[in-house]
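A.B. asks: Just passing along the structure, written as structure tokens.
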Amino acid sequence: MRFALATRLCLLAVLALVAADMAAAESAQSVRERYRAQLNDNTVTIMAGSFHATDLAVIQDIAAVLDDGDQMRVVPMVGKGPAQNLKDVLFMRGVDMGITQANVLKHFARTGELGPDLESQIAYVAKLFNEEMHVLARAETDDVRALEGQVVSFGPEGSGAEITARLVFEALGIGVRVVHLDEADAVAKLKAGEIGAAVVVTGKPAPILAHLEDGGLRLLPVPYAKGLEDEYYPATLTHDDYPALIAEGTRVDTLAVCAVLVSFNWASDNARYRKLDRFVNRFFSNFDAFMAPPRHPKWQQVNFAATLEGWQRSPLAEAWIERAKESIAADSGARAKFETFLAQADAGSASASEEERSKLFRAFLEWSKNQNKN
């Protein structure tokens with residue numbers, strides 16, 4: 001009898017331990033699931049170009065400014081250039097946004113390679129900065145037309161550099177023997193005299209070119225040929241950009257194409273749409289932080305309210321910009337009323353410092369808000 005009772009008690013103890021272990025395991029599993037859900041809901045990925053591309057530095061800036069770990073995490077991804085980035089945004093799982101180029105968008109819209117309705121599938125979040133065309137050659141070459149018949153690297157096949165190089169060289173009527181090398185290999189082969197030139201399309205200063213030592217290389221001017229006006233802008237490279245490649249006090253004229261931050265055009269009931277909503281609000285609301293050092297100087301060119309002709313802006317970005325316009329208009333109206341109020345008030349307020357006037361204005365706005373509620 002005692003033995004049976006002891007056995008039952010042991011069994012109950014074992015069952016209690018098993019139940020406790022199961023409860024602990026379920027609790028741990030629940031914690032993991034909650035953390036996994038939170039991490040994925042608050043994380044956005046942005047595909048950059050190659051390791052040497054300026055847009056990777058720009059995306060790292062975005063991560064540094066916006067990433068707080070809990071509410072928003074931005075993960076930069078190293079890609080294969082603007083053309084592949086567009087494909088990745090359209091087709092690769094886990095890619096929320098990417099940086100491409102305006103001419104790449106137009107190229108694929110013309111060819112239909114990515115589908116006949118590309119314009120409806122892609123939404124741009126913001127026009128960014130210009131990316132300059134760099135034609136790097138040996139020092140004895142002083143004119144891009146002298147590359148006729150020579151071996152020239154247009155960058156990896158299907159890349160944004162290749163698309164730009166083909167269009168520009170065709171517009172200039174220059175026939176070359178094209179090879180497809182990445183930037184590092186192209187520079188190495190150029191130094192060795194195995195190719196005549198290399199085309200690099202990225203925002204200045206291009207990291208791979210900015211730190212070149214004097215190796216008998218130079219950057220060639222690129223004429224702004226007729227027919228390029230719709231997709232390219234005039235641009236200039238200087239000694240400050242490339243001390244080893246451009247003599248002090250001189251400049252090299254070239255072309256540039258606009259970089260664009262794009263996403264898939266998700267439906268409003270999709271979880272990815274809600275994730276983008278959080279990113280857009282945080283990105284635009286903190287835009288001033290990108291204007292100050294140590295952020296990349298290319299941010300000085302960005303006007304996030306600028307439009308990209310022929311393409312649809314993300315509804316989320318459009319809504320934020322409209323709210324900002326309304327806020328500015330309302331603030332301007334309030335400011336005018338405030339100045340009238342000051343003019344009619346004690347004359348001493350006219351001599352108030354700008355800081356004092358700002359404090360008075362904030363108090364005035366708060367007072368106006370309370371008046372509207374009553």
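A.B. asks: Sort through D67, D41, D61 and tell me the only one that's within 24 Å of the chain's Cα centre (by Cα), under 25 Å from V89 (Cβ atoms) and at pLDDT 95 or above.
C.D. replies: Details: D67 fails: at pLDDT 95 or above; D41 fails: at pLDDT 95 or above.
Only one candidate qualifies: D61.
A.B. asks: Within the stretch 256-263, does at least one residue satisfy the condition of being over 22 Å from H107 (Cβ atoms) and of a type outside the set (F, W, Y)?
C.D. replies: No.
A.B. asks: If you don't mind, there's one more thing I want to ask. Give the stretch 299-318 a look and list any residue that's part of a helix (DSSP H, G or I) and in contact with an Asp or Glu (Cβ under 9 Å, 6 or more places away or on another chain), or say none.
C.D. replies: Result: W299, L316.
A.B. asks: Okay, next question. Filtering the stretch 123-144 down to residues that are in a strand (DSSP E or B) and over 15 Å from the mean Cα position of the chain (by Cα), which residue is surrounded by the fewest Cβ atoms within 10 Å (Cβ to Cβ)?
C.D. replies: Step by step, filter the stretch 123-144, then rank; the result is R138.
A.B. asks: Can you pull out the helices (runs of 4 or more DSSP H) entirely within the stretch 155-214 that have at least 2 residues that are crowded, with 23+ Cβ neighbours inside 10 Å and touching a helix residue (DSSP H, G or I) at 6+ places or on another chain (Cβ under 8 Å)?
C.D. replies: 160-172
A.B. asks: Here is a further query. Do we find a residue being in contact with a strand residue (DSSP E or B) (Cβ under 6 Å, 6 or more places away or on another chain), in contact (Cβ under 8 Å) with a residue 40 or more places away in the chain and over 22 Å from T43 (Cβ atoms) anywhere in the stretch 269-289?
C.D. replies: No, the stretch 269-289 contains no residue that is in contact with a strand residue (DSSP E or B) (Cβ under 6 Å, 6 or more places away or on another chain), in contact (Cβ under 8 Å) with a residue 40 or more places away in the chain and over 22 Å from T43 (Cβ atoms).
Per-residue answers, yes or no, for (1) without any contact (Cβ under 8 Å) to a residue 24 or more places away in the chain; (2) in contact with a Gly (Cβ under 9 Å, 6 or more places away or on another chain):
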site: R93; (1), (2): yes, no
site: I99; (1), (2): no, yes
site: R110; (1), (2): yes, no
site: Y124; (1), (2): no, no
site: A146; (1), (2): yes, yes
site: G158; (1), (2): no, yes
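A.B. asks: Additional query: Counting only residues that are assigned to a strand (DSSP E or B) and in contact with a Leu (Cβ under 7 Å, 6 or more places away or on another chain), which one in the stretch 96-121 is farthest from V179 (Cα to Cα)?
C.D. replies: It comes out as M97.
A.B. asks: If you don't mind, there's one more thing I want to ask. Return yes or no: is A109 surrounded by fewer than 21 Cβ atoms within 10 Å (Cβ to Cβ), of a type in the set (A, V, I, L, M) and on the phi < 0 side of the Ramachandran plot? Steps first, answer last, please.
C.D. replies: Working: surrounded by fewer than 21 Cβ atoms within 10 Å (Cβ to Cβ): yes; of a type in the set (A, V, I, L, M): yes; on the phi < 0 side of the Ramachandran plot: yes.
When the stated conditions are applied, A109 passes them.
A.B. asks: On the given criteria, is D241 free of Cβ contacts under 8 Å to residues at least 40 places away in the same chain, part of a helix (DSSP H, G or I) and acidic (D, E)?
C.D. replies: no
A.B. asks: Another question, then. Can you list residue pairs whose Cβ atoms sit under 7 Å apart, with the first residue in the stretch 60-78 being outside the structural domain of G94 (by TED's automatic domain parsing) and the second being of a type outside the set (A, V, I, L, M, F, W, C) and buried (at least 16 other Cβ atoms within 10 Å of the Cβ)? Count only pairs 6 or more apart in sequence or on different chains.
C.D. replies: Close Cβ pairs satisfying both conditions: none exist.
A.B. asks: Any residue in the stretch 247-258 that's over 16 Å from V201 (Cβ atoms): show its pairings with residues that are assigned to a strand (DSSP E or B) at Cβ separation under 7 Å, as long as the two are six or more apart or on different chains.
C.D. replies: If the second residue must be assigned to a strand (DSSP E or B), the pairs left are R251/T236; R251/L237; R251/T238.
A.B. asks: A83: assigned to a helix (DSSP H, G or I), in the same structural domain as N303 (by TED's automatic domain parsing) and aliphatic (A, V, I, L, M), yes or no?
C.D. replies: Details: assigned to a helix (DSSP H, G or I): yes; in the same structural domain as N303 (by TED's automatic domain parsing): yes; aliphatic (A, V, I, L, M): yes.
For A83, the condition - assigned to a helix (DSSP H, G or I), in the same structural domain as N303 (by TED's automatic domain parsing) and aliphatic (A, V, I, L, M) - is met.
A.B. asks: With respect to P297, is the statement that it is in contact (Cβ under 8 Å) with a residue 60 or more places away in the chain and surrounded by fewer than 17 Cβ atoms within 10 Å (Cβ to Cβ) true?
C.D. replies: No; evaluated as a whole, the condition is false for this residue.
The values are calculated or read from the model by the stated rules, or taken from the named source; none is laboratory data. As the structure is a prediction and not an experimental result, all values here were calculated from the model. Using ideal geometry, Cβ is built from the backbone for each residue, glycine included, and neighbour counts are taken over all protein chains shown.
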